[in-house]
Amino acid sequence: MTKRKSYKLGDIAKRFGGELIGDPDIRIRQVATLESAQSTDITFVAQARYLPQLDRTRAGAVILGSDARDASGLSRIICTNPYAYFAKVSALLNPPAAVVPGIHKSAVVDKSARIAKSASIGACTVIGKGAQVGDKAIIGPGCFIGDKAIVGAATRLHANVTIYHQCRIGARCIAHSGVVIGSDGFGIAREDGVWKKIPQIGRVLIGDDVEIGANTTIDRGALDDTVIEDGVKLDNQIQIAHNVRIGAHTAIAACVGIAGSAKIGRNCALGGASMIYGHITLADNVSVSAGTLIMKSLEQPGTYTGVYPFSSHQRWLKNAAHLRQLDDLVKRLRELEGLAGKTERNKP
Amino acid sequence: MTKRKSYKLGDIAKRFGGELIGDPDIRIRQVATLESAQSTDITFVAQARYLPQLDRTRAGAVILGSDARDASGLSRIICTNPYAYFAKVSALLNPPAAVVPGIHKSAVVDKSARIAKSASIGACTVIGKGAQVGDKAIIGPGCFIGDKAIVGAATRLHANVTIYHQCRIGARCIAHSGVVIGSDGFGIAREDGVWKKIPQIGRVLIGDDVEIGANTTIDRGALDDTVIEDGVKLDNQIQIAHNVRIGAHTAIAACVGIAGSAKIGRNCALGGASMIYGHITLADNVSVSAGTLIMKSLEQPGTYTGVYPFSSHQRWLKNAAHLRQLDDLVKRLRELEGLAGKTERNKP
Amino acid sequence: MTKRKSYKLGDIAKRFGGELIGDPDIRIRQVATLESAQSTDITFVAQARYLPQLDRTRAGAVILGSDARDASGLSRIICTNPYAYFAKVSALLNPPAAVVPGIHKSAVVDKSARIAKSASIGACTVIGKGAQVGDKAIIGPGCFIGDKAIVGAATRLHANVTIYHQCRIGARCIAHSGVVIGSDGFGIAREDGVWKKIPQIGRVLIGDDVEIGANTTIDRGALDDTVIEDGVKLDNQIQIAHNVRIGAHTAIAACVGIAGSAKIGRNCALGGASMIYGHITLADNVSVSAGTLIMKSLEQPGTYTGVYPFSSHQRWLKNAAHLRQLDDLVKRLRELEGLAGKTERNKP
C-alpha cells in the first residue's frame, strides 16, 4: 500500500467536475470512511444522517452534496451525486492491478481456442475447444471455460470460475470466484414414477459491463437461451434458472432466487433473499423488498413487500397461532357486524 | 450445431410409441419451443393454455396429448404424456458429447486409485488414495475426489466438483460445477463459552440416477451416513445437512435448505427456497410450496404452504403492523362476542 | 477403518474427567449413535427424550448427564455436559489424518510466498506473490491464495477454496470446499441510469478457531475490513457482505445472509436461512430463529422470530388472503367496539 500515487484535490475536481471549496493543492492518496480517514484521504457524505460525523473526521477532504455545501469547514468538492462521485474518485485512486499478458505454463488450453495476445490466462485454468478469450481479458487460476464459450474483451474471471460450453460473456464483465455459468437448468419430466432429464440445449448470453458475485449460478436455457442484459449487477449466491431474462441495469442483492422463464425488467432492484416465481414478468423499475416472494407478474413499477414482521419469540408464538384461524376470525367479525346491523363490506 | 443427425418422424414414433398423424417422412433435427421452432424442429404442448400458440408455430411437427389430438393440422405424435415424450425425443436428438477415455496428463491421480479404462479424467483434476472411478464415468477438469471415494459407472462430474473422502456416488449420476459432497456437517458442542468441533465421521451415500445442481452442498454424516436415494433430482444451491435422508425420486428446487437429520419421503416435491427443520420427517408424496418453512413432521401427503403474501410496500406497512397485536385483536373480538351474547368458539 | 487405535474406558475418564461407573477396562474404538453402536463403541445421551432408547443400544459404554446417572446399567461416564464430553472423546478417537508436509509438484507457488516447511500444499493449488502459509497448515488441492494473503498455523483449507489478495485467516481455522473469502462487496453507485462499481479496498480478517462451511462466501470490505472474530462457527452457503463484523463464538446455521455493515454480537446464534439487514447491530447473546428476517437493531439478548406458520395449501389460501385486508379488519373491529360503547384501546 506504500508509494501509492496521489492526486491534487484540484486535479480531481477538474477531472470529475463539481465545485471545489478550499485548498486545491491538498494531496489525496486514498478514499476512506469518515471514521478511519487520515489527512491524505478523501471521504464523502451521501446521506444527511451522517453529516454530524463530519465534525470528527480527520479526512483531508470530503465530497458533499449541494444541500450540504456548508456542513463542513474541510476542503471539499460539492456535487449532485456524492456517492457516484466518490465511486469515480475511488476508481481513479485504485486502478486494477497491472496484469502480465500470456498463458501460464500450467494452464491447459485447447489448440483450437482463440486467446487474445493481450489476455492473461491463470495457472491451472482449462480452456476447451473453439473457446475464445478477448483482448485484455483476465482469466484467473483454476477456471474452466468450456468448448466454444466466448469471454469478451477486458472481462475478468476471478479464480475458480466455471463457464460451460457455448455460453457467452460480454466485455468489461467481472465474475467472482465460484461463479457457475451455463450449468443445466432443472428440466425433468415425470413418467412412471421416475424423472427423465430434458437435455438443456440453450445457452447463457451475458451482455457488457455485468458483474456477478461469488458462488452465483446461472443456468443455461432449456431450448432457448438465458439472457442477462448489459449493466446488470448480481451479488453473491444468486440463483438464476433456465430461460430467465434480466433487463439492463437491474441490480440484484445476495441470496436471491429467480425461477425458470421469469422475465425481470430493466432498472429493477431485487432485495436480498427475495424470490421470484417462474413464468412471471416484472415490469421495468420494480423494486422487491428483501425476503419477499413474488408469485405473480407485476405490471406496475413500485416497491413490493411481503415479510412476516419479527418479534420476540414468545410474542410471535401468541400471535402467529391465530393466522391459521384468520378466516374464521373474519367470519366471526362479519357475524358481529350482522348483529350490529352493519353492512358486510368485505363479503366476497 | 451443423451436421446434426436427423430422424424421420415415423422412426421417432416407432421408437417411443404414440399415434402418428401426418407425414412420417418429415426429417426432425432438433427440439424447440413453439415460438422458435423451424421446419426441421419438433415442438410440444403439455398444457392446454399453450394450445392457442400452435397456430403460429413454424415447427415441422408437434407432440400433443390425447385431448389435443385435433388442436393442430401439423404432423404430430399423440401420446399420454407429451412432456415426458418430448424429454425422450430431446435425449435422442441431443446425445451427450462423445468423450475420449483416459487420464489427462495434467491430472494428479494417486497410484492406488482405480480408474476404469473407459473413464475420462479431466485436466487438473486430483484423485486421492484408494478412490474408484467406474466405467465410462466422466470427471471434468478441476475436480477433487478424496481418498477412498467412489464414483459409479457413467456418472458425470462437471468441472470443479469436490467429493470428500469415503463418499459414494452411484451410477448414471450428474453433478454440476461447484457441487460439494461430503463436507463436514455443522456439529459443534458448547462448553465454557467456546464451541468444540465434533468430528464428522459418517459419509454421503448417493444412489443411482441422481442429478445435483450447481453449487449444491451435501454434508457427510456426523456418526451415521447422509443418504440420497435413487432417482433424486436436486437443483442448484441446495444445502443438505448431515444425516439427512432423501427418499427415492424426490425432486427439490433451487435454494432449499434441509437441516440435520431430517428425513424426506419418496416422491416428494420441495419448492424453491423452502426450508425444512432438522430432526423431522416428511411422509412420501408431500409437496412443500416455494418459500415455506416446515417446522414439524408431516405425516400426510398433500401440499403445504406458509408464505406471507406480498403487496405494495405501503399496503404491507399498514397491514403487517397488526400482526404484532393479533393476539390482542382476537381477545377484543371475543369480548365483543361476549357482549353480544355469543358463545366463544375458539377459546382455548 | 481397521486397526483403529482403542482406549480403555478408564483412561478416557482419567483424561477428560467425569465419574466412571462400571468396567474401566472396556476397550473403546469409536463413537456411535444409540442405534448403530456396537460393543467397542461409546455412545451418549444429551437430552432426556432419548433416554428410553438406552435399553436397546448395544454400545459398550455411554456418556450420561448427572441427572441420568442411573438411566442405564451399561458402563458409563457421568458428567455435566455429555455432548461436549462426547465431542472430546470423538476428537480423541478420530484424530485428523496425518499429512505429509511439502508442496505438491503440480502446485504453482510464487517464489515470493512464504510457506512454512511443516505446511502441506495440495496438487494444482496456486499461491500468489507475498502470500504466507503458517506452520502445519494444510492447503487442499485446487485452492487459490491471492497476493499477500495470510493463512495461519494449523489452519486447513479443503479442496477448491479461494482466498483473495490481502485477506487474513487465523490459526486452527477450517474452510470447507467452495468457500470464497475476500470477493468484492456489492458496492455500486447509480448515475445517469447506469451502475458504477466502487472499488472494494478493505480486506477480510478472520480470527483463530473459526470454521467456515462449504460454499460460504465472505466479501472483503468496501473501505474498512470485514471482520470475523475468534471462535465463530459458520455453516454452509452463508453469505456475509462487506464490512460485516461477527462477534466471537457466534454460531450461524446454513443459508443465512448478512447484509453490508451489519454488526453481530458475541455468542449469538442465527438459525438457518435467517436474514439480517444491513447497517444494523445485534447485541451479544441474541438468537434469531430459522427463516426470520431481522430488519432493525436488537439491543436486548433473547430469541426473535418472524415466520409465517405453514398449513395445508387450501387452508393457507383461505387465511392468507385476509392479510391484505388486515388493516381494514382492525378498523371494522374498532367500529364495532365503538358501537358497543367500548374504549378503543389500540387507536394510534
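Bear in mind that the values in this text are calculations on the coordinates, not laboratory data. Owing to the predicted nature of the structure, the values given are computational and were not obtained by experimental measurement. In this analysis, Cβ positions are derived from the backbone assuming ideal geometry, glycine residues included, and neighbour counts consider all displayed protein chains.
Output wanted: per-residue J couplings in Hz (rounded whole) for region A:155-160, from phi through Karplus 6.51 cos²θ - 1.76 cosθ + 1.60, θ = phi - 60°, x for Gly and Pro.
Running phi through 6.51 cos²θ - 1.76 cosθ + 1.60 with θ = phi - 60° gives 7, 10, 9, 6, 4, 6 Hz.
What is the distance in Å between the Cα centroid of region C:241-271 and that of region C:156-180?
18
Give the distance, in whole Å, between the Cα centre of region A:274-338 and the Cα centre of region A:1-37.
Going from one Cα centre to the other spans 48 Å.
Based on other C-beta atoms within 10 Å, arrange A:Ser183, B:Ser261 from fewest to most. Write out the running numbers ahead of the final one.
Details: A:Ser183 28, B:Ser261 20.
Listed from fewest to most nearby Cβ atoms, that is B:Ser261, A:Ser183.
Per-residue Cβ counts within 10 Å, from other chains only, averaged over C:201-214: what number is that? Don't jump to the answer; show the numbers that get you there.
Numbers: counts 7, 2, 0, 0, 0, 0, 0, 0, 4, 1, 5, 0, 9, 15.
Whole-number average of other-chain Cβ neighbours for C:201-214 is 3.
Suppose you put the label 7 Å out from Cα in the Cβ direction; list, shortest first and in nm with one decimal, how far A:Glu35 is from each other copy's label.
4.9, 4.9
List the residues, sorted by chain then number, that are 5 or more residues from C:Asp135 or on another chain and whose placed amide H is less than 5 Å from its amide H.
Answer set, sorted by chain and number: C:Ala153, C:Ala154.
Assign one of three labels to chain A, namely rounded, prolate or oblate, based on the Cα gyration tensor with a ≥ b ≥ c the square roots of its eigenvalues; rounded applies when a/c is under 1.5, prolate when it is not and a/b is larger than b/c, and oblate otherwise. List each step's numbers first, then the result.
On the way: a/c = 2.68, a/b = 1.14, b/c = 2.34.
It is oblate, given that a/c is not under 1.5 and a/b is not larger than b/c.
Is region C:207-341 rounded, prolate or oblate when judged by the Cα gyration tensor, a ≥ b ≥ c being the square roots of its eigenvalues, rounded requiring a/c under 1.5 and prolate requiring a/b larger than b/c? Don't skip to the answer; put the middle values down first.
Details: a/c = 2.83, a/b = 2.19, b/c = 1.29.
In terms of gyration-tensor shape, prolate.
Using amide H atoms built 1.01 Å from N in the peptide plane, name the residues 5+ places from B:Cys143, or on other chains, whose amide H lies under 5 Å from its own.
Hits under the 5 Å cutoff: B:Thr125, B:Val126, B:Asn160, B:Val161.
Shielding by partners for A:328-334, please: the mean number of other protein chain Cβ atoms within 10 Å of each residue's Cβ.
6
Just how large is the dipole of the protein assembly as shown about the Cα centre, in debye to the nearest 20, putting +1 at every Lys and Arg Cβ and -1 at every Asp and Glu Cβ?
About 1260 debye.
What are the distances, in nm and sorted shortest first, from the label point of C:Asp284 to the label points of the same position in each other copy, with each label point placed 7 Å from Cα along the Cα-to-Cβ direction?
Spelled out, the distances from C:Asp284's label point are 5.3, 5.3 nm.
About the Cα centre, and with charges only on the beta carbon of Lys, Arg (+1) and Asp, Glu (-1), how big is the dipole of region B:128-217? Nearest 20 debye, please. If you can, show how the numbers build up before the last one.
Working: 10 positive and 8 negative charges, 31 e Å.
Roughly 140 debye for region B:128-217.
Go through region A:233-242 residue by residue and turn each phi into a ³J(HN,Hα) via Karplus (6.51, -1.76, 1.60, θ = phi - 60°); whole Hz please, and just put x for glycine and proline.
Along region A:233-242, the couplings run 10, 10, 7, 6, 6, 8, 10, 10, 7, 5 Hz.
What nm value, rounded to one decimal, do you get for the distance between B:Ser66 and C:Leu317 when each label is placed 7 Å out toward the C-beta?
2.7
For region C:102-304, compute the number of Lys pairs whose alpha carbons are separated by less than 16 Å, excluding pairs fewer than 8 positions apart on the same chain. Working shown, then result.
Working: C:Lys105/C:Lys117; C:Lys111/C:Lys129; C:Lys111/C:Lys148; C:Lys117/C:Lys136; C:Lys129/C:Lys148; C:Lys233/C:Lys263; C:Lys263/C:Lys296.
Count of close lysine pairs: 7.
What nm value, rounded to one decimal, do you get for the distance between C:Asp147 and B:Asp23 when each label is placed 7 Å out toward the C-beta?
Going by the 7 Å Cα→Cβ label model, 6.3 nm.
Given label points at 7 Å from Cα along Cα→Cβ, what nm distances, shortest first, separate A:Val100 from the same residue in every other copy?
Spelled out, the distances from A:Val100's label point are 3.0, 3.0 nm.
Specify which residue in the list A:Val31, A:Ile212, A:Gln325 is farthest towards the positive end of the charge dipole of chain A, using unit charges on the beta carbon of Lys, Arg (+1) and Asp, Glu (-1), about the Cα centre.
Highest projection toward the positive end goes to A:Val31.
Could you give each residue of region A:297-310 its phi-based ³J(HN,Hα) in whole Hz, using Karplus coefficients 6.51, -1.76, 1.60 with θ = phi - 60°, and x for Gly or Pro?
4, 10, 8, 10, x, x, 10, 10, 9, x, 9, 6, x, 6
What's the average, rounded to a whole number, of partner chain beta-carbon atoms within 10 Å of each residue's beta-carbon in B:152-158?
1
Before rounding to the nearest 500, sum -39500 (n - 2.57) across all DSSP H runs of length at least 4 in chain A and divide by the residue total; then give [θ] at 222 nm in deg cm²/dmol.
Details: 4 runs with 42 residues, N = 348.
Computed mean residue ellipticity for chain A: -3500 deg cm²/dmol.
Could you compute how fast region A:27-114 diffuses translationally, taking Rh as the Kirkwood radius over C-alpha pairs and applying Stokes-Einstein at 25 °C with viscosity 0.890 mPa s? Give it in µm² per second.
Translational D for this selection: 163 µm²/s.
Given labels modelled 7 Å from the Cα in the Cβ direction, how far is it in nm from A:Thr40 to A:Lys296?
With each label point 7 Å from Cα toward Cβ, the separation is 6.1 nm.
For region C:16-109, what is the charge dipole size about the Cα centre, in debye to the nearest 20, if Lys and Arg each add +1 at the Cβ and Asp and Glu each add -1 at the Cβ?
Working: 9 positive and 8 negative charges, 75 e Å.
Result for region C:16-109 is approximately 360 debye, rounded to the nearest 20.
So what are the radius of gyration and Dmax for the Cα set of the protein assembly as shown, in Å?
30.0, 88
Once Lys and Arg get +1 and Asp and Glu get -1 on their Cβ, which of B:Ile264, B:Val227, B:Tyr277 lies farthest toward the positive end of the dipole of region B:223-296?
Towards the positive end, the residue furthest out is B:Tyr277.
Give the long-range amide H neighbours of C:Gly102: residues separated by 5 or more places, or on another chain, with amide H under 5 Å away, using H modelled in the peptide plane at 1.01 Å from N.
Long-range HN contacts for C:Gly102: C:Ala119, C:Ser120, C:Ile121.
For chain C, modelled as a Gaussian network with Cα springs under 10 Å, which listed residue fluctuates most, C:Ile188, C:Ile121, C:Ile138?
C:Ile188
Using a/c under 1.5 as the rounded threshold, could you call region C:99-175 rounded, prolate or oblate? The axes a ≥ b ≥ c are square roots of the C-alpha gyration tensor eigenvalues, and prolate needs a/b larger than b/c, oblate otherwise.
rounded
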